[in-house]
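What follows is a short report on a single structure.
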Amino acid sequence: HKTIIGAALTTIVWIVSAYFTPTTKMETLVKFYRHIQPGGPGWTHIVQQAEAEGVDMPEVKSQLPLELLCMFVGCITVYGALFAVGFWIYERTGAAAVATIVTLLGGFFLFKAWDKLRTQE
């Protein structure tokens, strides 16, 4: 019951603040886009508007599927590390070894994927 009320209040406050606060300046959005180079179709409007105003925008190849996979693997890796530490502390060696292996495999995958995710300079 409390969770539903909390979610409803959060949603109402978010919607009210989205409609009644000033929009982000185009200059800020362009600066963010050039620095982060986010992928996906959500930025198309901003890029087109900036280019129409004569701003040189970098062409960004969308890597959204790999980015989402890395986010998921990163979460699994962090939780694996947390559980591994706990299992080692409580001397649950089998579970600790499995959690440690999951953590190491996740870290290895993220290390290998990192070069593919680097932004263009």
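Since every read-out is calculated from the coordinates, none of them should be taken as a lab result. Just so we're clear, the structure is a prediction, and the values are computed from it rather than from any experiment. So basically every Cβ, Gly included, is an ideal-geometry build from the backbone, and we count neighbours across all protein chains shown.
Below, the figures for the structure above:
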{"quantity": "Segment 12-79 versus segment 91-109: alpha-carbon centroid distance in Å", "calculated": "34 Å"}
{"quantity": "Rounded to 10°, Cα long-axis angle of helix 93-117 versus longest principal axis of the chain", "calculated": "30 degrees"}
{"quantity": "Tilt relative to the chain, helix 2-20 - C-alpha long axis, 0 to 90 degrees, to 10", "calculated": "30 degrees"}
{"quantity": "Potential extension, V55-L82 segment - 0.36 nm per residue separation minus Cα distance", "calculated": "5.2 nm"}
{"quantity": "Trypsin sites (Lys or Arg not before Pro) restricted to segment 72-121 and DSSP loop, no more than 12 other C-beta within 10 Å", "calculated": "R118"}
{"quantity": "Residues of type lysines that K25 reaches as a straight line, Cα spacing below 27 Å, ignoring anything fewer than 8 places off in the same chain", "calculated": "K61"}
{"quantity": "Among (i) 24, 16, 12; (ii) 38, 26, 9; (iii) 30, 12, 11, the entry derived from the coordinates for semi-axes √(5λ) of the Cα gyration tensor in Å", "calculated": "(ii)"}
{"quantity": "Length added when fully stretched, L105-T23, from 0.36 nm per residue minus Cα-Cα", "calculated": "25.3 nm"}
